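Nothing in this text is a laboratory measurement; each read-out follows from the coordinates by a stated rule. As the structure is a prediction and not an experimental result, all values here were calculated from the model. When we count neighbours, we look across all protein chains shown, and the Cβ atoms used for this are built from the backbone with ideal geometry, even at glycine.
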Ligand code: E4P
């Protein structure tokens, strides 16, 4: 499973990329606004930090506007993935951009039917938002199961399921068990994946016992 980080905070991205375990980055207009920076500057910096796909979202809602913005975004770097909303115009733009060899991420997916449309439009990634469905009292992970099953029925569909709106490590584990290709995680959730109190406790005990031997390895 690939791990993307869901942020426009370049200091955080730099720190997380040093692990060698980061496969890409997703941003959205809210995350760009939170960064307080210009989208072109921040996306260019992220693309230089992480060689994998970096999603940069259009702000236009009409096909021509999306295509104009996509032309600017794709010029930033070869690893820019143009993020488009799951609307008729967004899917039309997705189809055109995919035909042009541009990576695309169709976002704001909340149903299996929408995910099927995104795949038919040739999206590189589709982003179902599990946390926002959970927030409404629905089961976001059921949507992931449905999409994975549907895509598996049609091997010609190449769209990858990018689990978004992830709130905690259990979402990540459930998505991996279902066979989702990618999860995009807020930095705090990505860091939580490393943690277990028994790891900390076990390491402390090993270090104490090791110190008592008086040995060094290097
Ligand atoms: C990812 O592409 C989305 O922008 C993001 O995961 C949304 O997460 P949120 O529901 O926590 O805002």
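Averaging the Cα positions of each part gives two centres, and for the stretch 1-24 and the stretch 127-149 these lie 23 Å apart. Can you compute the helix-only [θ] at 222 nm over the chain? Use -39500 (n - 2.57) per DSSP H run of at least 4 residues, normalise by all residues, nearest 500 deg cm²/dmol. The helix contribution divided over the chain gives -15000 deg cm²/dmol.
Springs join every pair of Cα atoms under 10 Å in this Gaussian network model of the chain, and among 140, 99, 179 the largest mean-square fluctuation is at 99.
Label sites at residue 136 and residue 120, each approximated as a point 7 angstrom past Cα along Cα to Cβ, lie 2.1 nm apart. Hey, in the GNM for the chain with a 10 angstrom Cα cutoff, which one of 208, 83, 34 fluctuates hardest? Per the Cα network of the chain with a 10 Å cutoff, 208 tops the list.
Radius of gyration over Kirkwood radius for the stretch 10-85, both on Cα atoms: the Rg/Rh ratio is 0.97. FRET efficiency for the residue 59 to residue 195 pair, using the beta carbon distance and R₀ = 41 Å, is estimated at 0.70.
Sorting 30, 35, 55 by the number of Cβ atoms found within 10 Å of their own Cβ, with the fewest placed first, yields 30, 35, 55. Taking every C-alpha pair closer than 8 Å and separated by at least 6 residues, the mean separation divided by the residue count of the chain gives a relative contact order of 17 percent. Listing 69, 57 from fewest to most neighbouring C-beta atoms within 10 Å gives 69, 57. Would you mind telling me which residue in 136, 185, 86 has the biggest mean-square fluctuation in a Gaussian network model of the chain, where springs connect alpha carbons within a distance under 10 angstrom? It is 136. Remark on the stretch 76-117: Rg and Dmax equal 10.5, 32 Å (Cα only). Spherically averaged projected area of the convex hull of Cα atoms, the chain: 14.7 nm². Put in line by how crowded their Cβ is, counting other Cβ atoms within 10 Å and starting with the fewest, 192, 66 read 192, 66.
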